[in-house]
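Data first, discussion second: the structure below is written as structure tokens.
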Amino acid sequence: MLVLFETAAGYALFEVLNEGKLEDPEELWKAFETPQNASNTIKLKSFKKFENMASAVSSISDVLEGKLSDDLSNFLKETINETSIRKDKLIVADPKLGASISKKLGIQVLSEKIVIDLYRGIRENLDSLITGINADDISSMALGLSHSLSRHKLKFSPDKVDTMIIQAIGLLDDLDKELNTYAMRVKEWYGWHFPEMSKIVVDNLAYAKVVKAIGFRSNAQECDLSDILPEELEKEVKEAAEISMGTEISDEDINNIIMGCDQVISLTAYRAELYDYLKSRMMAIAPNLTTIVGELVGARLISHAGSLINLAKHPSSTVQILGAEKALFRALKNKNATPKYGLIYHASLVGQANPKNKGKVARMVASKSSLATRFDAIADEKDLMAELGSTCRKMIESRLRFLEKGGAPVTTTDKRKKQQKFELISTKPQYNPYADIANEPVEAGPSGTKAKESDDSDDSQMEVDSEDTDNDPLSKSEGKKPVKEREIKEQPMQIDEP
Amino acid sequence: RGGGIQKRGAAVGGRGTRGGRGDRGRGRGGGRGGRGGKPGVKGGSKVIIEPHRHPGVFVARGKEDLLVTKNLVSGESVYGEKRISVEGLDGVKIEYRVWNPFRSKLAAGILGGVDDIYIAPGKKVLYLGAASGTTVSHVADIVGPEGVVYAVEFSHRSGRDLINVAKKRTNVIPIIEDARHPQKYRMLMNMVDVIFADVAQPDQARIIALNAHHFLKNNGNIVISIKANCIDSTVEAATVFAREVKKLQEERIKPLEQLTLEPYERDHALVIGRYVRAQ
């Protein structure tokens with residue numbers, strides 16, 4: 001009887017030496033109590049190690065779905081020869097996998113109650129039974145495999161990691177500082193030779209390029225600086241080069257200065273590339289936030305909060321003053337007015353507003369960007385069209401226009417739905433009380449006899465009438481009338497007869 | 001227990017230093033705690049750390065006493081909890097993290113006075129219902145680098161946080177699978193010494209038993225947190241606990257101790273048992 005056992009390091013095929021022990025599940029644990037007993041009961045027939053993490057992950061995911069992966073089927077075919085397939089049985093932990101194996105290989109497969117004890121025994125004594133691999137290997141493989149499998153399950157996509165943003169913005173700031181330092185140094189150094197140029201060409205990159213192009217100031221006349229500087233500046237530089245009061249420097253010196261300029265130029269190029277990279281990452285990770293506040297401010301907010309999810313957890317009032325903590329706590333301690341904006345101040349929407357309205361706009365931008373951040377951080381399906389971001393931005397812009405000029409104030413909802421008054425219109429046919437006419441009033445009849453006769457029946461009639469009047473309020477007056485009429489009419493008849 | 005070295009320490013403020021500007025946020029919200037009351041230990045106050053009766057767990061004594069564990073990854077908070085830095089005798093700095101009993105059932109049990117949690121340095125623990133890894137991180141601190149915590153959690157959102165915790169603590173193995181099918185993570189598991197279960201499912205007894213049959217050593221221990229409302233909200237809590245214990249007994253788990261988690265949780269109980277598969 002053969003047993004298939006999957007580990008994090010690979011597949012193991014065991015052979016049961018003493019099949020009699022498998023008959024009794026209650027006593028099977030004794031067979032595995034010590035490593036010695038275990039090796040007497042079961043023996044490792046063959047072990048196949050996974051080549052690398054990727055193959056391990058794909059193989060194990062197949063096995064978990066019950067499918068027979070390629071390397072498993074190869075392994076089984078190699079180790080189980082023809083005679084075994086006909087005579088032996090294979091024990092597999094997962095019934096689904098067992099079914100696929102028996103379909104493919106033709107070998108009989110078992111997976112019943114005895115299986116659990118058997119696998120417990122094997123698992124307990126794994127170190128001693130599998131001789132090729134030691135315990136540390138298996139545990140480190142298990143750790144790596146668990147992480148890879150979980151990531152595979154969660155569909156972990158590497159371009160949604162916000163650590164890249166935080167590192168990129170950190171590097172961008174560092175680069176800026178470095179660039180500034182180097183450029184200042186180059187200007188000072190070259191200024192020893194040609195001091196006037198630092199006042200004429202202010203831009204760092206242009207200065208470095210010009211220095212690289214002309215070298216000694218005596219070459220300035222022949223040099224063509226049209227692709228580095230605009231015409232007037234070029235003329236000024238050339239004029240100043242003639243009458244400069246700087247000292248002479250040697251070739252070696254100018255070579256080193258030019259090497260410094262090379263550094264400035266390459267760093268500036270790298271900074272531009274890094275900025276592009278940051279922009280594309282921001283759009284991939286937080287498209288809605290980027291639409292509202294811009295890439296740079298968005299990246300700084302994420303970096304300040306620590307991660308995108310952390311930023312989403314902050315209330316929007318916090319997002320409004322992120323970056324102004326020193327001023328905030330100072331104001332809180334001294335019971336002064338707290339700052340109105342922090343990093344948000346550099347967003348383009350806040351920059352556009354009047355100084356009077358900046359506070360209001362900062363608050364609006366903070367609230368909408370909070371919404372956008374939460375959507376970006378938590379939504380399962382990200383939309384690259386950034387719908388939420390664009391609607392929020394439009395809303396803020398129209399509100400800004402209203403603040404500056406007046407006009408129709410904007411509400412958050414696009415369509416202004418007016419609530420209609422609620423009226424219940426019943427479709428069922430209703431009882432129309434006016435269609436209901438009770439008994440016609442009884443006419444004051446012809447003769448006294450009839451009246452007398454009616455006297456006897458009067459009481460009953462009256463009772464009947466009174467009953468009627470109880471149920472039907474409208475017939476009250478009608479019921480009473482005939483009685484009165486009859487009484488009245490009786491009297492005149494009596495007067496007439498004698 | 002007893003004869004522990006008394007160390008003086010200074011409480012350090014809350015957040016982990018992630019991102020370059022994290023330091024500036026430190027002053028903010030120092031007293032902000034988890035749900036339920038949290039002692040307001042202000043930054044900079046002095047406390048004394050002494051070991052708890054349970055190995056691997058410590059107590060910080062100051063104006064208020066706090067339950068703490070030794071931080072496996074110095075300098076970082078997992079879920080924004082306070083950390084206490086201590087200078088040892090040889091000048092080595094050790095950091096301890098505060099364990100909130102209102103957020104963690106295990107801490108509530110320890111403070112409630114449970115006899116033995118069976119989670120100790122060097123043990124292998126199977127943690128069912130790991131959620132975002134807040135209690136898992138403390139269990140990982142207790143078992144130390146020689147022990148292993150196999151954390152099982154099915155939810156994807158919590159699983160992401162769990163993986164982040166596991167990245168920092170290499171003795172945690174994250175498993176994003178349903179605990180109802182222990183077959184699905186059989187290749188990652190070794191036999192374990194303790195199972196801790198905080199799954200909050202109506203069929204939790206069956207889930208725990210299944211996992212025990214597959215992965216728990218003979219005479220291994222089980223620590224379960226039972227939420228009465230979750231099993232059956234119509235019946236009284238005590239009856240629910242009794243029924244659960246009976247279900248466990250049928251699956252060869254011998255109950256050793258039961259204790260309610262008042263005042264930290266309402267209608268919750270911690271049940272400790274031993275798995276006796278073979279005599």
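Values in this text are rule-based calculations from the coordinates and carry no lab data. Predicted, not measured: the structure shown is a model, and the values here were computed from it. Note that each Cβ is placed from the backbone with ideal geometry, even for glycine, and that neighbours are counted across all protein chains shown.
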Relative contact order (%) - segment A:3-86, alpha-carbon pairs under 8 angstrom, separation at least six
27
To make sure I understand the rule: partners must be lysines, Cα under 17 Å from the Cα of residue A:313, and not fewer than 8 residues away in the same chain. Which ones qualify?
A:368
Just need the Rg to Rh number for segment B:203-262, please, alpha carbons only, Kirkwood Rh.
0.96
Convex hull over the Cα atoms of segment A:286-405, averaged projected area in nm²?
7.3
What percentages make up the Cα-Cα pair-distance distribution of segment A:156-202 when the bins are 5 Å wide from 0?
5, 18, 16, 13, 10, 9, 8, 7, 6, 4, 2, 0
Report, in debye and to the nearest 20, how large the dipole of segment A:173-308 comes out about its Cα centre when Lys and Arg carry +1 and Asp and Glu carry -1 on their Cβ.
700
For residue B:144, the residues 5 or more places away or on another chain with a placed amide H closer than 5 Å to its own amide H are B:122
Inter-probe distance in nm under a simple model that places probes 7 Å from Cα toward Cβ, at residue B:85 and residue A:135
3.7
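Given +1 on the Cβ of Lys and Arg, -1 on the Cβ of Asp and Glu, and no further charges, what dipole in debye does segment B:142-279 carry about its Cα centre, rounded to the nearest 20?
500
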Please state the equivalent ellipsoid semi-axes for segment A:2-155: what are the square roots of 5 times the Cα gyration tensor eigenvalues, largest first, in whole Å?
24, 20, 14
What are the residues whose amide H is under 5 Å from the amide H of residue A:228, where those residues sit 5 or more places off or on another chain and H is modelled from the backbone?
none
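GluC sites (Glu not before Pro), restricted to segment B:192-271: which are DSSP loop and have at most 11 other Cβ atoms within 10 Å? Intermediate values should be presented prior to the final figure.
Working: sites: B:236, B:244, B:250, B:251, B:257, B:265; in loops: B:236, B:251, B:265.
Answer by residue number: B:236.
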Taking the alpha-carbon centre of each part, the distance from segment A:149-215 to segment B:158-212 in Å is 48
30 Å Cα-Cα reach of residue A:199 towards lysines, excluding residues that sit fewer than 8 places from it in its own chain:
A:177, A:187, A:209, A:212, A:235, A:238
Can you bin every Cα-Cα distance in segment A:152-230 into 5 Å intervals starting at zero and give me the percent of pairs per bin, rounded to whole numbers?
3, 12, 19, 15, 11, 8, 7, 6, 6, 5, 4, 2, 2, 0
Cα Rg over Rh - chain B, Kirkwood:
0.97
For the pairs A:43/A:103; B:93/B:123; A:30/B:105; A:67/B:167; A:96/B:217; A:153/B:82, flag any whose C-alpha to C-alpha distance is greater than 28 Å.
A:30/B:105; A:67/B:167; A:153/B:82
Residue B:65 and residue A:54 label points (each 7 Å along its Cα→Cβ direction) are spaced in nm at 5.7
Roughly how many nanometres apart are two label points built 7 Å out from the Cα toward the Cβ at residue A:357 and residue B:181?
5.8
Percent of Cα-Cα distances greater than 18 Å, calculated over segment A:164-276
50
At 24 Å minimum axial length over the Cα atoms and a Kyte-Doolittle cut of -0.5, report the qualifying DSSP H helices in chain B, or say none.
none
